[in-house]
């Protein structure tokens, strides 16, 4: 059987439930696996739980239970959360499983046989929280570099001759630039190696929990040495067939566990037993909250499923879409070289702008116009060249990003196409083509649906449920083959389109609590008689004029003049009530850029608050002619 595309996450400590920081790595692996499956690869995605170590035993005893019962419960919780987040792993390994214990024993024994393990005395500091040994010089104010309490340990233990592998490790890293990513981490690892590697203590006195050292049950294998071997345990090594998976194509992890463990200790261990090294190690940055790494000990934990449920309640999106939105946020903000910062305000802003305003708006506008102008069916004809080229460019950019494991760049490539589509709709203006009877209308509408079809495939690795919803609204089967994205044959003409149903309802600003009042309709102001009063520039500058874009438009019931608009301007959404219904339909306005007076005091018109005013010229009959830039301008642009 040919080699499978094998990818892994770290196995997670079971002393606490997973949070959004933990989920970040798992989501990265899931997106990678989904993309590779779409590319036709036979993938094998491994994750799991690290259940040995002193801190796990102590957490169990503190919880008033036995270690095995404790790890059984927490490991089950991890699996439930990953399933809830739509993580589609192929194997979930636990370090208490017999298959892993057997592999650790085999691995340890071969290293002993090859002369890479010896017995000696350890004296030094031990951080139980991170299960890491530290030298005196590593401590900061008497604590570990992570700020954790340390214990002085004096024991006779087993040591791994890590110092003997420094030159081989450095040579491998220098000759294989993609072995450690990103480059900044690669340089950190090389610097660490050049300082000189010390032999690693790889056992502890047996506390009654852990994997006993083969032939010496007074000791247990050091938890990090034990945990790293899980990647090989899952292949079945040393039994026949392990080559179908190993070496791993990519091992995803956070930057904190790369240098000391995955980029030095782990490859040296593999060299010691004669196994090939993983192709790529990716040590991504942290997601911070309040300036600190997200962790239970710091009290800044964000639970991913709870975040999705809150979004669903706040916005009105479905539970499945709420989960996809959390997945999208993590993918789009995936920290690579640097860290990223999580705030709920940024999370909700990205939901409103990227998903509701950009992707949702492009889908809703396109389907609404197709139903209005071409009987709700995919029109025939050729896709316009600029749209075909934009799709090909976005797909190629996505592929380059994923080859470099830049999931954030892959999302950026996707949203470049989303924003292109919205701009294309504005520029080609199907409503105007329909009014003038222009024969280009069919090609323009087909091009719009063509771009949406491509986007359905491109968002699928990160947002599978949303992709399914988009495919359903297009009346088409989901795109499963990456190579067919941009294939016009996936867009059969005459296919009935679904009705536009918002997938990402916008999060509305919470209204002020007021007493219900009956408000009379205020008629649109009539043009005033010309006056000769001159004003100074300082008076004109008091009026705040900005470019906005209409996201939604709907008639106000009971009025033949008023439309209620949702306009994005200066990075936020505001409601504007305008007396232009006799000149414009709601469909005419959706996606259009307008000029807004943004510093008018809010007023109520027919019971609906208006938070600004549109600028319009007045025709000979007193009707409105909306002003707009002669070419697309960034939302929020100053008008002066």
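Remarks
- Residue count for the range 191-233 under the criterion of being closer than 24 Å to residue 9 by Cβ, in a loop (DSSP other than H, G, I, E, B) and touching a helix residue (DSSP H, G or I) at 6+ places or on another chain (Cβ under 8 Å): the result is 5.
- Sole exception among (1) farther than 30 Å from residue 463 by Cα; (2) touching a residue at least 40 places away in the same chain (Cβ under 8 Å); (3) surrounded by 14 or more Cβ atoms within 10 Å (Cβ to Cβ) for residue 138, by number: (2)
- Selection count where residues are in contact (Cβ under 8 Å) with a residue 24 or more places away in the chain and in contact with a helix residue (DSSP H, G or I) (Cβ under 9 Å, 6 or more places away or on another chain), scope the range 69-96: 18
- Of residues in the range 339-374 being without any contact (Cβ under 8 Å) to a residue 60 or more places away in the chain and closer than 22 Å to residue 309 by Cβ, the one surrounded by the most Cβ atoms within 10 Å (Cβ to Cβ): 347
- For residue 230, the criteria (1) touching a residue at least 60 places away in the same chain (Cβ under 8 Å); (2) in contact with a strand residue (DSSP E or B) (Cβ under 8 Å, 6 or more places away or on another chain); (3) closer than 18 Å to residue 53 by Cα; (4) surrounded by fewer than 20 Cβ atoms within 10 Å (Cβ to Cβ) hold in every case but one, which is (4).
- Residue 474 meets all of the listed conditions (1) at pLDDT below 85; (2) closer than 24 Å to residue 426 by Cα but one, namely (1).
- So residue 28, is it part of a helix (DSSP H, G or I) and touching a strand residue (DSSP E or B) at 6+ places or on another chain (Cβ under 6 Å): yes
- Residue within the range 272-279 that is outside the structural domain of residue 574 (by TED's automatic domain parsing), closer than 30 Å to residue 247 by Cβ, out of contact with any strand residue (DSSP E or B) (no Cβ under 6 Å at 6 or more places or on another chain) and in a helix (DSSP H, G or I) present: yes
- Residue within the range 33-45 that is outside the structural domain of residue 326 (by TED's automatic domain parsing), closer than 21 Å to residue 212 by Cα and in contact with a helix residue (DSSP H, G or I) (Cβ under 7 Å, 6 or more places away or on another chain) present: no
- Residue match in the range 46-57 (condition: under 25 Å from residue 229 (Cα atoms), without any contact (Cβ under 8 Å) to a residue 12 or more places away in the chain and in a helix (DSSP H, G or I)): no
Residues checked against (1) free of Cβ contacts under 8 Å to residues at least 12 places away in the same chain; (2) buried (at least 21 other Cβ atoms within 10 Å of the Cβ); (3) under 23 Å from residue 43 (Cβ atoms):
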residue: 213; (1), (2), (3): no, yes, no
residue: 217; (1), (2), (3): yes, no, no
residue: 222; (1), (2), (3): no, yes, no
residue: 262; (1), (2), (3): no, yes, yes
residue: 281; (1), (2), (3): no, yes, yes
residue: 285; (1), (2), (3): no, no, no
residue: 288; (1), (2), (3): no, no, no
residue: 306; (1), (2), (3): yes, no, no
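- The listed residue being more than 27 Å from residue 77 (Cα to Cα) and modelled with pLDDT of 95 or more, out of 324, 354: 354
The values are calculated or read from the model by the stated rules, or taken from the named source; none is laboratory data. Predicted, not measured: the structure shown is a model, and the values here were computed from it. Note that we place each Cβ from the backbone using ideal geometry, even for glycine, and neighbour counts take in every protein chain shown.
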